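The values are calculated or read from the model by the stated rules, or taken from the named source; none is laboratory data. Computed from a prediction, not measured in an experiment: that's the story for all the values here. All Cβ positions, glycine included, derive from the backbone under ideal geometry; neighbour counts span all protein chains shown. SASA here: full protein model, heavy atoms, side chains in, ligands and nucleic acids out. Shrake-Rupley method; radii C 1.70, N 1.55, O 1.52, S 1.80 Å.
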Amino acid sequence: DAATGAQLHELKGHRSSVNSVGFSQDGKRVVSGSRDNTVRIWDAATGAQLHELKGHSHSVNSVGFSQDGKRVVSGGDDNTARIWDAAT
């Protein structure tokens with residue numbers, strides 16, 4: 001909580017270091033990218049994992065939501081940038 005400094009959730013699921021995180025524009029979801037080669041989407045209100053996106057063959061270093069929140073973009077050490085459907 002930004003007002004109190006209290007931790008609201010611990011987002012567990014990645015199997016290695018988390019390199020990048022970000023909120024959706026509406027603040028309802030969080031996206032994370034990790035050295036475990038995955039991108040994950042989380043429910044910001046509950047901390048529950050919504051999706052695990054697999055496709056990178058090396059670490060994911062950068063993630064973000066599109067302005068409308070329908071897509072996620074990721075960049076990794078496999079020399080690719082990928083666009084994902086945030087609903088799947």
Since Leu8 meets every condition but one in (1) open to solvent by less than 70 Å² (accessible area, probe 1.4 Å); (2) at pLDDT below 95, which condition does it not meet? (1)
Are there any pairs, at least 6 apart or on different chains, whose C-beta atoms fall under 6 Å, with the first in the range 69-88 and more than 14 Å from Asn37 (Cβ to Cβ) and the second open to solvent by less than 80 Å² (accessible area, probe 1.4 Å) and in a strand (DSSP E or B), and if so, which? Val72/Val31; Val72/Phe65; Val72/Trp84; Val73/Gly64; Ala81/Gly75; Ile83/Val73; Ala86/Val72
How many residues does the range 29-49 hold that are free of Cβ contacts under 8 Å to residues at least 24 places away in the same chain and loosely packed, with under 15 Cβ neighbours inside 10 Å? 3
Give Phe23, Phe65 a once-over and let me know the one that is surrounded by fewer than 20 Cβ atoms within 10 Å (Cβ to Cβ) and aromatic (Phe, Trp, Tyr). Phe23
